[in-house]
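**Student:** The structure that follows is given in the form of structure tokens.
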Amino acid sequence: MTRARPAAPRTRKAASAAKGTDLTTRASDPAAVDAYLRKLKHPLASLAAAVRAAILAADPRIGEEIKWNAPAFFYTGPMAPFDPKEYRRHLVVLNFYRQDGLRLVFWHGDRANDRTGFLAGDYADGRRIATLASAAELRTHRKALVAALKAQLRHLA
């Protein structure tokens, strides 16, 4: 008589629980972002590099990767397992659609309670968008950028 095999877990969380481990942290991939930015053909490529530096300098727990074909920044620290489609770790992703402005999509920007006007939009899922067109605008809005990141991190850590 052969024993039936248990069904394979259907989600990452279930797989993690079945193995007795937690997927609590996430590694950063700066080499992938370096390669992406080296190949980037966009009028605001240098601004993207400056925004990247500002985001990473905001908090040592912020990591980076390429997601949705663009640099994305996320919380690297410990978290309870969750459905990856919820994007709980994600903080901000760069969007290069426009040639005259670099868009920063803050996944949980509603948590920032931004009163400076830096974050725009009122999306039901919590996203907010900031647009920067120059290094001067980055200098002007750097405090608001860092504040938005730190507000999101407070809800994750």
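**Student:** Can you tell which of Ala124, Ala133, Ala120, Ala148 is in contact with a Phe, Trp or Tyr (Cβ under 9 Å, 6 or more places away or on another chain) and not hydroxyl-bearing (Ser, Thr, Tyr)?
**Tutor:** Being in contact with a Phe, Trp or Tyr (Cβ under 9 Å, 6 or more places away or on another chain) and not hydroxyl-bearing (Ser, Thr, Tyr) holds for just one of Ala124, Ala133, Ala120, Ala148, which is Ala148.
**Student:** Another question about this same structure. Give the residue that is modelled with the highest pLDDT, with candidates limited to residues of region 101-117 that are within 23 Å of Val33 (Cβ to Cβ) and assigned to a loop (DSSP other than H, G, I, E, B).
**Tutor:** Taking the candidates together, the pick is Gly101.
**Student:** Within region 36-57, can you find the residues that are over 15 Å from Leu104 (Cα atoms) and either touching a Lys or Arg at 6+ places or on another chain (Cβ under 7 Å) or of a type in the set (A, V, I, L, M, F, W, C) (or both)?
**Tutor:** Of everything in region 36-57, those that are over 15 Å from Leu104 (Cα atoms) and either touching a Lys or Arg at 6+ places or on another chain (Cβ under 7 Å) or of a type in the set (A, V, I, L, M, F, W, C) (or both) turn out to be Leu37, Leu40, Ala57.
**Student:** Let me ask something else. Name the residues in region 71-100 that are within 11 Å of the chain's Cα centre (by Cα) and either farther than 22 Å from Thr25 by Cα or crowded, with 19+ Cβ neighbours inside 10 Å (or both), would you?
**Tutor:** Pro71, Ala72, Phe73, Phe74, Tyr75, Arg89, His90, Leu91, Val92, Val93, Leu94
**Student:** Would you mind stating whether Ala136 is farther than 20 Å from Lys67 by Cβ, more than 15 Å from the chain's Cα centre (by Cα), in a helix (DSSP H, G or I) and free of Cβ contacts under 8 Å to residues at least 24 places away in the same chain?
**Tutor:** Yes: the conditions hold for Ala136.
**Student:** Right, next: Could you check how many residues of region 109-133 are in contact (Cβ under 8 Å) with a residue 60 or more places away in the chain and within 14 Å of the chain's Cα centre (by Cα)?
**Tutor:** Total meeting the criteria: 0.
The values are calculated or read from the model by the stated rules, or taken from the named source; none is laboratory data. Values in this document were obtained by computation on a predicted structure and should not be read as measured data. No Cβ is skipped: glycine too gets one built from the backbone with ideal geometry, and neighbour counts run over all protein chains shown.
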